[in-house]
Amino acid sequence: MEDKRDKTSALSEKTGVDQPDSLSREVAKNVISKRHRQPSADDLVNGIFSGDVTSLSRAITLVESTNPEHQQKASDVISACLPKTNHSVRIGITGVPGVGKSTFIEAFGTYLTGIGKRVAVLAVDPSSSLSRGSILGDKTRMEELVKDKNAYIRPSASGETLGGVARKTRETITLCEAFGFDTIIIETVGVGQSETAVHGMTDFFLLLQIAGAGDELQGIKRGIMEMADAIAINKADGDNVKRAKLAKTEFGRALHFFPEKSSGWMPKATTCSAVTKDGIDEVWGIVSDYLELTKGNGFFEQRRSEQNLAWMRETIAEQLRFRFYSDPNIGKLLEQLSHDVLHNRISPFKAAQEMLANYFKQAGTS
C-alpha cells in the first residue's frame, strides 16, 4: 500500500499571504518629485516669512552656493527679506581653542530661549587647507539647544574666508532676522589677528577666556582685546573658581588701559561656567546694559549703517574676484602663466599684471 503522507521537508516555507509594500509607491513618487523640484525665490521667501525652517535652510544653502545659476535667485531672496531685518541683536563670540565656545553658546542660548528669546546660532567651522573639508559638528556638541523649538543652529564651513566667518555669514544673518530670530549668535573658528571680521558684522563682541592656562594676558592678541565689549572667563567651576576670579581682576585692569571706545562703553570682565550655568545671566546682563547705552546715544544705528557699507564693499570685491576667475580666457592664460611662474620664466608680479591687463582689455576698461 502506497504511503500518501506529505513528504515535504519540515524546513520548507509554506505558501502564505503576500506582504504589502513597506512604502507606498504614490508617497515615494511625491517625495521624489518634491526633491527634484527647486523652489522659486518667492517660495523660499514666503516660507521664511511663515516660519518654515526647511525654507530657511534651503535659502541659506542657496546663498552659500557658488553655482552662477543660483546667484540671481539668492539675490532676489535677500532683497525680499531686507525689509524685515535689523530687529535683532547680533552677538559675536570668539575665544582661544579649548575655551568651550560651543558649550558656552549652548548654555547661553538655552538661557535666552528660557527668557522668551528666539535664537539663531551661526557656527563657523574651520576648513582644511588640504582637503577643503569641514567636520560641521556643532549641532552634535549642542545637543540640548538643537532640540529647542525657539533655537536654530546652522553650521557653515569657513572655506578660504579669513576672519572667523563663512563666505556668506552676512547674508545668513539677514535670512535669520527675516525668519523672526531676535538674537543672532555668531561663533567664530577661534581667536587671532585674522579673527576680526566678525566684529564688523555684530553689535556686541564677546571674548571667552579660561584661567589657569598660563599667562592669561599673553593668551590672546591685543588687537582682539581692543575690540572686545566684554571678556568672560569660562570654566569658573570646581577648583578653578579662585583662578577664574583672579583672571577676571587681571583682565578688568588691562581693559582700562585701552583707548576709549567711540560707543562710550567701558568693556567689562566677568566669570561664568557653561557646565553649572553660573554667571550666564550676568553675561546677558552686560549685553543688555551695552544695548541700552548704545541705542540711547545713537551709536547702535550708526554702527549698523557702517556695517552695511562694509557689506557693499565686500560684495563688490567678491563679485570682481568671481568674475575674474570665471572668465574662460583668464582660465587659459592663468594656466599658461602659472606654468611660466613655476619654471621662473616670469615673475609672479609680472604674471599678475598681464592677467589683469588682459581682463580689463576684454572688459573695455583699459
For this session: Identify, by number, the condition in (1) in a helix (DSSP H, G or I); (2) open to solvent by 50 Å² or more (accessible area, probe 1.4 Å) that G252 doesn't meet.
Result: (2)
Exercise. Quick one: what pairs do we get from the range 98-112, first residue modelled with pLDDT of 95 or more and of a type in the set (F, W, Y), second open to solvent by 50 Å² or more (accessible area, probe 1.4 Å) and assigned to a loop (DSSP other than H, G, I, E, B), C-beta under 8 Å, 6+ apart or different chains?
Worked result: Y111/K277
Problem set entry | Residues of the range 113-157 satisfying the condition of being out of contact with any helix residue (DSSP H, G or I) (no Cβ under 9 Å at 6 or more places or on another chain), at pLDDT 95 or above and in a helix (DSSP H, G or I) | G114
Problem set entry | Within the range 275-306, considering residues that are crowded, with 18+ Cβ neighbours inside 10 Å and in contact with a strand residue (DSSP E or B) (Cβ under 6 Å, 6 or more places away or on another chain), the one nearest to A211 (Cα to Cα) | G279
Exercise. List pairs: first in the range 343-364 and surrounded by 11 or more Cβ atoms within 10 Å (Cβ to Cβ), second part of a helix (DSSP H, G or I) and of a type in the set (D, E, K, R), Cβ under 6 Å, 6+ apart or cross-chain?
Worked result: I346/D340
For this session: Kindly provide the set of residues from the range 255-265 that are surrounded by fewer than 15 Cβ atoms within 10 Å (Cβ to Cβ) and either at pLDDT 90 or above or among the polar types (S, T, N, Q) (or both), ordered by number.
Result: S262, G264
Exercise. Out of the range 167-211, which residues are outside any helix (DSSP H, G or I) and modelled with pLDDT under 80?
Worked result: R167, V189, G190, V191, G192, Q193, S194, E195, T196
Exercise. Pick from the range 282-307 the residues that are without any contact (Cβ under 8 Å) to a residue 60 or more places away in the chain and polar (S, T, N, Q): which of them is nearest to T271 (Cα to Cα)?
Worked result: S288
For this session: At least 3 residues that are at pLDDT 65 or above and among the basic types (K, R) in each: list the helices (runs of 4 or more DSSP H) lying fully within the range 1-90 that qualify.
Result: none
Exercise. Could you say which residue among A310, A317 is assigned to a helix (DSSP H, G or I), under 28 Å from E69 (Cβ atoms), among the aliphatic types (A, V, I, L, M) and in contact (Cβ under 8 Å) with a residue 60 or more places away in the chain?
Worked result: A310
Exercise. In this structure, is G214 open to solvent by 10 Å² or more (accessible area, probe 1.4 Å), out of contact with any Leu (no Cβ under 6 Å at 6 or more places or on another chain) and modelled with pLDDT under 70?
Worked result: yes
For this session: Output the residue which, of all residues in the range 52-67 that are open to solvent by 40 Å² or more (accessible area, probe 1.4 Å) and farther than 14 Å from Q38 by Cβ, is farthest from the chain's Cα centre (by Cα).
Result: D52
Exercise. Checking D340 against (1) open to solvent by 80 Å² or more (accessible area, probe 1.4 Å); (2) at pLDDT 90 or above; (3) at negative phi, which single condition isn't satisfied?
Worked result: (1)
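The values are calculated or read from the model by the stated rules, or taken from the named source; none is laboratory data. This is a predicted model, so every value here is computed, not measured. Cβ coordinates were reconstructed from backbone atoms using ideal geometry, including for glycine residues, and neighbour counts include every protein chain displayed. Side chains included, ligands, DNA and RNA excluded: accessible areas come from the protein's heavy atoms. Shrake-Rupley method; radii C 1.70, N 1.55, O 1.52, S 1.80 Å.
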